[in-house]
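Undergrad: My questions will all concern the structure given below.
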Amino acid sequence: MNLKMKLNIVNKHEYEENEDYREVIMTIPNEIDNLRKDFEYLGLDYNNLSIQDTHILQCRVIDTKDSAFSNEITTKISNIIDMANARSHTISYQDIKSMFTILKSLDYEERDKLLAVLEIKDEEIHNIKDIINYGNNLECFEFYKNINTYDGYAQKLIDAGDVCLSDIAEYIDNVCLSNITKYINMGEMGEAYVNGNEGIFTKKGLIFERIYKKEEEEEEEDEFE
């Protein structure tokens, strides 16, 4: 995957104190020598950056082979940057670079899974570190890409063998097992499974939160031991 980022970056202290501040447009990934020169122009030492030295004004994710993901994740990042600017918070180069490393490691399905997670967690996402956190913990979520209806999820359960049709057949007289789905209300079955497990339909598919909830329950149990 040919993923890259284009950043508009400033020296945070200069940006906050002067109207006539310097700004650099740089690309990630990039050669070390180029990065050193860019940061030198900003009056910073690339090898000795603190978390409060830089601030990102704009960040665009680019992948010509996956423009949909590029556009959606760029929009999410831009919203976070706008919120940070409004609250005088910092979006550091280090955080953007860490996020890039995570995004670059994701395959196409994991990208959609991340977008689904960010959609259901939208109100809890306030900075780039939140995206980094969810990107590092995608295993905490179960994702069914392009499953957008209860019927579709019910069929997925049957295809995966998670629903035992022979057990259902016992309650329906004179029905061949191969035709049993004609007698099942797939929508109701799918709705029961989704709602019973607190699933959420997103633009990218159906998602369930798993481990986070389990950890919370374990913590609550520990409090009473």
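Undergrad: Those residues that are closer than 16 Å to residue 97 by Cβ, charged (D, E, K, R) and assigned to a helix (DSSP H, G or I), I need them from the range 48-77; list them, please.
TA: Of everything in the range 48-77, nothing turns out to be closer than 16 Å to residue 97 by Cβ, charged (D, E, K, R) and assigned to a helix (DSSP H, G or I).
Undergrad: Are any residues in the range 78-125 basic (Lys, Arg), more than 20 Å from residue 42 (Cβ to Cβ) and in a helix (DSSP H, G or I), and if so, which ones?
TA: Applying the first criterion (basic (Lys, Arg)) to the range 78-125 yields 87, 97, 104, 111, 113, 121.
Right, trim to more than 20 Å from residue 42 (Cβ to Cβ) and you get 87, 104, 111, 113, 121.
Passing the criteria: 104, 111, 113.
Undergrad: Separate question: Only one of 93, 21 is without any contact (Cβ under 8 Å) to a residue 12 or more places away in the chain, farther than 30 Å from residue 145 by Cα and either in contact with a strand residue (DSSP E or B) (Cβ under 9 Å, 6 or more places away or on another chain) or assigned by TED's automatic domain parsing to the domain that holds residue 207 (or both); which?
TA: Numbers: 93 fails: without any contact (Cβ under 8 Å) to a residue 12 or more places away in the chain.
Answer to the check: 21.
Undergrad: Please tell me if residue 84 is free of Cβ contacts under 8 Å to residues at least 12 places away in the same chain and either of a type in the set (A, V, I, L, M, F, W, C) or in contact with a Gly (Cβ under 9 Å, 6 or more places away or on another chain) (or both). Quick ask: steps written out before the conclusion?
TA: Values: free of Cβ contacts under 8 Å to residues at least 12 places away in the same chain: no; either of a type in the set (A, V, I, L, M, F, W, C) or in contact with a Gly (Cβ under 9 Å, 6 or more places away or on another chain) (or both): yes.
Taking the combined requirement at face value, the residue does not satisfy it.
Undergrad: Which condition does residue 75 not pass, out of (1) crowded, with 17+ Cβ neighbours inside 10 Å; (2) closer than 30 Å to residue 139 by Cα, if it passes all the others?
TA: So residue 75 meets the others, but not (1).
Undergrad: Same structure, new question: Looking only at the range 37-95, count every residue that is among the aliphatic types (A, V, I, L, M) and under 25 Å from residue 110 (Cβ atoms) and tell me the total.
TA: 9
Undergrad: Go through the range 1-47 residue by residue and tally those that are part of a loop (DSSP other than H, G, I, E, B) and buried (at least 18 other Cβ atoms within 10 Å of the Cβ).
TA: Keep residues of the range 1-47 that are part of a loop (DSSP other than H, G, I, E, B), which gives 1-3, 18-22, 29-31, 42-45.
From what is left, the residues that are buried (at least 18 other Cβ atoms within 10 Å of the Cβ) are 3, 42, 44.
Selection size over the range 1-47: 3.
The values are calculated or read from the model by the stated rules, or taken from the named source; none is laboratory data. Not measured: the values here are computed from a predicted model. Note that each Cβ is placed from the backbone with ideal geometry, even for glycine, and that neighbours are counted across all protein chains shown.
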